[in-house]
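K.L.:
Here it is, the structure, as structure tokens.
None of the figures in this text is laboratory data; all of them are computed from the coordinates on show. Please read all numbers here as calculations on a predicted model, not as lab measurements. Note that each Cβ is placed from the backbone with ideal geometry, even for glycine, and that neighbours are counted across all protein chains shown.
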Amino acid sequence: MTYPAPTPQPGELLTRSWQRSQTFGLQRNHAADPCCLSPAALRRRQQRHRHLLSLLQTAMPLFEQWQRGRDCRLLFADADGTILLSAGDSRFGDRARRLALATGARWHEQTMGTNAIGTAILEQQEVSVLGEQHYMHANGAISCSASPVFSPTAELLGVIDISSEAGEHSADMLLTARLMALTMENALVSEQQDACWLLSLASDAAGLQQPWSALIALREDGRLLGANRRARQWLPALDPAALLRQLRQGELTPWGQGMALLSRKPAAARPRPVAEHSPDTAALKLLEHGVPLLLQGETGTGKDHLVRRLHQQSRRAQGPLVAVNCGALPSELIEAELFGHAPGAFTGGHKAGRTGYVRAAHRGILFLDEIGELPLAAQTRLLRVLQEKTVVPLGCHEPEPVDFCVVAASHRDLETMVAEGRFRQDLYFRLNGYRLTLPPLREFARPAFDALVEQLLQELHGERARLATGLMDSLHTCSWPGNIRQLRQVLEVAGILADGGVIEAHHLPELPAPSGKRPAQDLKSSAERQIRQVLAACGGNVSEAARRLGISRTTLYARLRKRG
């Protein structure tokens, strides 16, 4: 994979910045004195930009992968230059705080002189400011690279900055900041509310899925809604509506000197509530007020899907949803994975430290799946975090405040585990603020089952997908030992084989005879019995039987010949 080379820094850019710094009346030898927000004002500012901060989390893996073993900090500032987020190596963090590279500080050229954040804002382009290139002598010990983040309509939203000791700077800092900014911009383009089409353009097919590809959001009729920065460079020579007429959905198409890909944007509507399977109104209301939820039910009953719905419908939708499978955590690293650790805290830990799932869920929802698998030692630390709303990463001494809602889930009988001493009673009571038991699929009433199937079909295959007449009856007779997860897999396979159209019995995968209260029936045998019954009711009239079954005469004849 090749990455675009960083844009060379023009000398004129820094020259202009120094001239502005002089015009502002700044003295190079004076101590820099940034304006700093109060904690309350900072929280309000972060709340106002919560969606941007949540998008930043989707780009964080780029920084975390690049940053390993490096002594640097990632900063995100709004369009005013106020730092809203700081993350990265804690060793450089001490110097960063002394220089006011911390949340709440405003790094604008007017007060701080030439610096990566402030200069990127005024120039509206990426910039590196290395050591003594800073206007203020006090900032000469650090080097910074910053890339602006633009809205789909080219409005400046903020700046991503990576800072380090002056001697630790490397050229790929600017590249990493740029890729993170592009990732955020592409997410903003993709979620344009009225967009129906997303058009990607790149020099080759491999580049179409990369952050630096051109991305354009279009209405149904081809009118432009928004674009990322690469696309805006090409827009003067583009006719998006004409391209929309020429391209076929989902197919790679040669375009100019490169390739184009047109994709249909999924409907942005929230999932519809569906009878028993919908998020419980009381659960959502209690979660909004910080009451912990405990979900119980068999494996595959949709606990994870319910949590996603609750997250989408809650006031924390702009914050992260951090899902943790407690049964999948490596036993020797459980506490480090959950609560994070400082660099070098223990042998085998990440050299750069680890945020941990608890801190990653700040201002969002922490979903602890299979909570019954958590060892007692980790249960004790988790209880303390839930009680005190603070976490102390391994190797650290200062507690960090955390703000999240917690949802726990288990298919085990936690009350029995408490009685046997395998689960802390006080943690059980802390998590069991409100218990919601999800029924197995075999206990769904018929209207709820039908509605769930229709919803899954629409989510998986779109509006055209539907079941042939009688097939819903066949599906409902199965006891579904894998519950909703198994049903979803069956519908996914069947819809693909049916090309997103009418699903017939021969599209269904073979299912093992499941055990349960209801006798299991092979779906294909059930469908064939349905055909015999309909044919008998129609007096052997194949045309009428095909009409009632919702299939063509050709398909019905083929099924009859196959049956012999």
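K.L.:
Using a 10 Å cut-off around each Cβ, can you sort GLU373, GLU335, GLU155 from fewest to most neighbouring Cβ atoms?
P.N.:
With the fewest neighbours first, GLU373, GLU335, GLU155 line up as GLU155, GLU373, GLU335.
K.L.:
Still on this structure: Which semi-axis lengths, in whole Å and largest first, follow from the square roots of five times the eigenvalues of the Cα gyration tensor of region 275-439?
P.N.:
Its equivalent ellipsoid spans semi-axes of 26, 19, 14 Å.
K.L.:
Here's another thing I want to ask about it. Per-residue counts of other Cβ atoms within 10 Å, averaged by peptide: what ranking do you get for 162-170, 145-153, highest first?
P.N.:
Taking the mean over residues of other Cβ atoms within 10 Å, the ranking is 145-153, 162-170.
K.L.:
Once you have the Cα-Cα distance between CYS396 and GLN27, take 0.36 nm times their residue separation minus that, and quote the gain in nm to one decimal.
P.N.:
Length gained, CYS396 through GLN27: 129.0 nm.
K.L.:
Moving on to the next point. With θ set to phi - 60° and the Karplus curve 6.51 cos²θ - 1.76 cosθ + 1.60, what are the ³J(HN,Hα) couplings of region 135-152 in order, to the nearest whole Hz, using x for Gly and Pro?
P.N.:
3J(HN,Hα) across region 135-152, in whole Hz: 5, 8, 4, 4, 9, x, 8, 10, 10, 9, 10, 9, 10, x, 10, 10, 6, x.
K.L.:
In square nanometres and to one decimal, what's the mean projected area of the convex hull around the Cα atoms of region 353-448?
P.N.:
8.1
K.L.:
If the chain between ASP426 and GLU168 were fully stretched, how many nm would it gain, using 0.36 nm times the residue separation less the Cα-Cα distance?
P.N.:
Gain in length upon complete extension: 88.1 nm.
K.L.:
Would you mind checking which residues have amide H under 5 Å from VAL149's amide H? H placed 1.01 Å from N; only 5 or more apart, or other chain.
P.N.:
Counting only residues 5 or more places away or on other chains, the set is LEU157, GLY158, VAL159, ILE160.
K.L.:
Determine, for ILE496, ILE334, the number of other Cβ atoms within 10 Å of each Cβ, and report the residues in order from fewest to most.
P.N.:
Ascending Cβ contact count within 10 Å gives the list ILE496, ILE334.
K.L.:
Let me know the charge dipole size of region 11-190 about its Cα centre in debye, to the nearest 20, where only the beta-carbon of Lys, Arg (+1) and Asp, Glu (-1) is charged.
P.N.:
I would put it at about 560 debye.
K.L.:
OK, next. Across bins of 5 angstrom width beginning at 0, how are the C-alpha pair distances of region 11-190 distributed, in whole percent?
P.N.:
1, 9, 19, 23, 22, 15, 8, 2, 0, 0
K.L.:
Cα centroid distance between region 37-63 and region 302-317, in Å?
P.N.:
21
K.L.:
For region 426-465, which trypsin sites (Lys or Arg not before Pro) pass both filters: DSSP loop (anything but H, G, I, E, B) and at most 15 other C-beta atoms within 10 Å?
P.N.:
Of the trypsin sites (Lys or Arg not before Pro), the ones in loops of region 426-465 whose Cβ has at most 15 other Cβ atoms within 10 Å are ARG464.
K.L.:
Would you be so kind as to identify which of GLN318, VAL391, VAL418 lies farthest towards the positive end of the dipole of region 275-439, taking Lys and Arg as +1 and Asp and Glu as -1 on Cβ and the Cα centre as origin?
P.N.:
Comparing the listed Cα positions along the dipole, GLN318 ranks first.
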